[in-house]
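Trainee: My questions all concern the structure below.
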Amino acid sequence: MKPINIDRIMKRHISLLFMLVAAVMLAGKPARADNETGREEYEIPDHGTLIMDVPVEWQATFYKPEDDSFPIISFHPFKGPDTFQLSVGIFWSTDALRELTDPHNLRRFVENVGQNILEQADQHSLDLEEVVGHSGIGYLFDLTDMDAGKDEYQYLTQGALAVGNIVVVFSLFTREGQQQKIRQETLKMLKNAKQDLSRRDVNYKPAVN
């Protein structure tokens with residue numbers, strides 16, 4: 001396989017996480033362990049397991065392509081109206097780990113994605129926020145569209161965060177009145193995410209300093 005560069009990741013992210021959010025929610029099988037602990041484990045091809053503590057009121061759907069390419073996890077409420085949709089894409093590199101997980105590359109990636117959709121938002125400039133997770137650093141931005149229809153989402157929180165030697169790229173869509181609560185729960189879940197590399201077939205090569 002050829003190394004995956006940051007520009008290819010960006011294009012793949014835009015096509016999957018913006019055009020296929022609804023489709024992903026209909027694919028795959030629910031990945032919740034139970035309704036009590038909220039602990040979820042997602043097997044990542046050749047990269048161990050992604051472990052996250054998911055809010056118990058959230059439903060998760062895990063879509064893993066048959067070709068072992070980048071999986072997507074989609075979250076939405078178990079019950080009640082669709083107050084939010086969260087899509088998390090999982091990416092990795094087959095070359096130097098710093099290519100994707102390096103903070104400079106992640107910042108550039110998130111900024112490029114934001115600039116591509118800025119004209120559709122109420123804001124005229126992008127304000128990036130640093131995110132420090134359990135095992136990596138990332139960046140995010142918030143945009144609003146207060147002209148959205150009553151059945152549409154007014155708020156977008158989007159970014160990317162390194163988790164071990166993988167990168168989670170997330171898109172959170174929320175409605176009026178739910179934005180702060182769901183945003184906080186999302187960031188808590190992602191910041192505390194861990195990668196389990198205990199499997200013997202994990203493709204893990206430490207970065208050379």
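Trainee: On a 1.4 Å probe surface of the protein chains, which of HIS76, HIS104, HIS47, HIS124 comes out largest in accessible area, and what is the full order?
Mentor: Values: HIS76 40, HIS104 125, HIS47 5, HIS124 175 Å².
My answer, sorted largest first, is HIS124, HIS104, HIS76, HIS47.
Trainee: Compare ILE137, ILE72, ILE117 by solvent-accessible area with a 1.4 Å probe and give them largest first, with all protein chains kept in place.
Mentor: Working: ILE137 55, ILE72 5, ILE117 25 Å².
Of ILE137, ILE72, ILE117, the descending order of accessible area is ILE137, ILE117, ILE72.
Trainee: Taking loop as defined by DSSP and a crowding limit of 11 other beta carbons within 10 Å, which GluC sites (Glu not before Pro) in the stretch 42-130 fit? Walk me through the numbers on the way to the answer.
Mentor: On the way: sites: GLU43, GLU57, GLU66, GLU99, GLU111, GLU119, GLU129, GLU130; in loops: GLU57, GLU66.
Answer by residue number: GLU66.
Trainee: Need one number: nm distance between label points at HIS134 and GLU41, each 7 Å from Cα along Cα→Cβ, rounded to one decimal.
Mentor: Those two pseudo-labels are separated by 1.3 nm.
Trainee: Right, another one. Under a crude label model (7 Å from the Cα following the beta-carbon direction), how far is VAL56 from ASP122 in nanometres?
Mentor: 3.5 nm
The values are calculated or read from the model by the stated rules, or taken from the named source; none is laboratory data. It should be emphasised that the depicted structure is a prediction, and the values quoted were computed from it without experimental measurement. When we count neighbours, we look across all protein chains shown, and the Cβ atoms used for this are built from the backbone with ideal geometry, even at glycine. When the accessible area is computed, the model is the full protein with side chains, heavy atoms only, and any ligands, DNA or RNA have been set aside. Shrake-Rupley method; radii C 1.70, N 1.55, O 1.52, S 1.80 Å.
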